[in-house]
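Accompanying notes for the structure given below.
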Amino acid sequence: MKKLSISKAIKEGLHEEMLRDENVIVLGEDVAKMGNVFAITEGFLEEFGPNRVIDTPISESGFLGMSVGAAMRGIRPVAELMYVDFIGVSYDPIMNQAAKMRYMTGGQVHVPMVLRAPLGSGRRNAGQHSQCLETLFTNVPGLKVVCPSTARDAKGLIKAAIRDDDPVVFLEHRLIYAKKEEIPEEEYIIPLGKADIKREGNDVTIITWSRQVYFALDAAEELAKEGIDVEVLDLRSLVPLDWEAIKESICKTHNVVIVHEGVKRSGYGGELSAQITEELFDELDSQVERVAALNVVPPFAPTLEDAFFPHAEDIVKAVKKVLNK
């Protein structure tokens, strides 16, 4: 075992895949000479050369369109948006091209590309650099969406994403890049669509992903002091969704709180809540509760930004509401 941060784990997974398959390339703004804002591709240009590690102009629509075309010709691009917020100027290549190509060609063409994108609030980056936009991708059939929360998961999932023959959106929360944990020395893959129980419990299930896993675990520790036994289910992949893991946990606890950092209105938590209510209604002892960001633009002021997205105390309140405590 060795101890790595999440950013280093992503770097290691990407590096291993570039060594394994010469068709894997990296492209985006400042990924080559600079080695990425968070040093994830640092040293890649010197090792793999300018044909596989490509600095692009500030033209997200251009390099994502180029990635789709390259993937259709057998290359496996790993494109990077510096901030997921920039998807607004480059949505068409992802939504209308990458996501639909396999279907519209009857399976004759597929798009094995990965779109990596940091996201999330808490870094004082204001409204255009702090959003959690996973719902923009989960709402598009044909895209897979991954949101890791730990270093072990991040490495195993980035390798699975690169080997997948369909487009995968890989969303990384910047505020947890530095979190470290022990991961295996040997190669491993974590299949897309497999959730993970980060904490076992019997009274209530918290369904969450990305950075909110840590707030959920903190809330669970606080609630344990009052005798409330919380299970924390980390989805890891939003699409494909591990429905069996959700069902198994709810059939054990019979109570659910869904936690995510994106805004509550039309968030992915609403989709989960609806599906749980439709398919597992008889298993529920109480209504499904959601904890999410406020329906406002991410504020720049630190005090306002901290009030914008969920923290452990918000989750504690939601759990007590569900359990009528």
- Task: Would you confirm whether any residue within segment 28-49 is in a strand (DSSP E or B), in contact (Cβ under 8 Å) with a residue 40 or more places away in the chain and either in contact with a helix residue (DSSP H, G or I) (Cβ under 9 Å, 6 or more places away or on another chain) or within 22 Å of Thr150 (Cβ to Cβ) (or both)?
- Result: yes
- Item | Within segment 108-135, tally of residues that are open to solvent by 40 Å² or more (accessible area, probe 1.4 Å) and within 23 Å of Arg163 (Cα to Cα) | 2
- Item | Hits in segment 50-79 (condition: polar (S, T, N, Q), open to solvent by less than 40 Å² (accessible area, probe 1.4 Å) and not in a helix (DSSP H, G or I)) | Thr56
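Of Tyr91, Tyr83, which residue is farther than 16 Å from Asp165 by Cβ, open to solvent by 30 Å² or more (accessible area, probe 1.4 Å) and in contact with a helix residue (DSSP H, G or I) (Cβ under 8 Å, 6 or more places away or on another chain)?
Working: Tyr83 fails: in contact with a helix residue (DSSP H, G or I) (Cβ under 8 Å, 6 or more places away or on another chain).
Checking each option against the conditions leaves just Tyr91.
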- Being of a type in the set (Ser, Thr, Tyr) and within 10 Å of the chain's Cα centre (by Cα) is the filter here, so list the residues in segment 125-178 that pass it. Ser149
- Would you be able to say whether some residue in segment 172-179 is in contact with a strand residue (DSSP E or B) (Cβ under 7 Å, 6 or more places away or on another chain), under 21 Å from Thr41 (Cβ atoms), surrounded by 14 or more Cβ atoms within 10 Å (Cβ to Cβ) and of a type in the set (Asp, Glu)? yes
- Task: Please determine, by comparing only the residues of segment 92-143 that are in a loop (DSSP other than H, G, I, E, B) and charged (D, E, K, R), which one is modelled with the highest pLDDT.
- Result: Lys100
- Pairs under 7 Å by beta carbon, first residue among the acidic types (Asp, Glu) in segment 311-325, partner open to solvent by less than 60 Å² (accessible area, probe 1.4 Å), six or more apart or different chains? Asp314/Val291
- Are any of the residues in segment 211-222 more than 20 Å from Glu313 (Cα to Cα), open to solvent by 20 Å² or more (accessible area, probe 1.4 Å) and not in a helix (DSSP H, G or I)? no
- Message: Please go through (1) charged (D, E, K, R); (2) in contact with a Pro (Cβ under 7 Å, 6 or more places away or on another chain); (3) part of a strand (DSSP E or B); (4) open to solvent by 30 Å² or more (accessible area, probe 1.4 Å) for Glu182 and return the number of the only condition it doesn't satisfy.
- Response: (2)
- Message: Tally up the residues in segment 94-107 that are open to solvent by less than 40 Å² (accessible area, probe 1.4 Å) and in contact (Cβ under 8 Å) with a residue 60 or more places away in the chain, please.
- Response: 3
- Output yes when any residue across segment 196-204 is touching a residue at least 24 places away in the same chain (Cβ under 8 Å), small (Gly, Ala, Ser) and farther than 24 Å from Ile25 by Cβ, and no when none is. yes
- Query: Which residues, counting only those in segment 191-231, are among the hydroxyl-bearing types (Ser, Thr, Tyr) and within 21 Å of Leu284 (Cα to Cα)?
  - Reply: Thr205, Thr208
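The values are calculated or read from the model by the stated rules, or taken from the named source; none is laboratory data. Because the structure is predicted, anything quoted here is derived from the model rather than measured. Note that each Cβ is placed from the backbone with ideal geometry, even for glycine, and that neighbours are counted across all protein chains shown. Note: areas computed on protein heavy atoms with side chains; ligands, DNA, RNA excluded. Shrake-Rupley method; radii C 1.70, N 1.55, O 1.52, S 1.80 Å.
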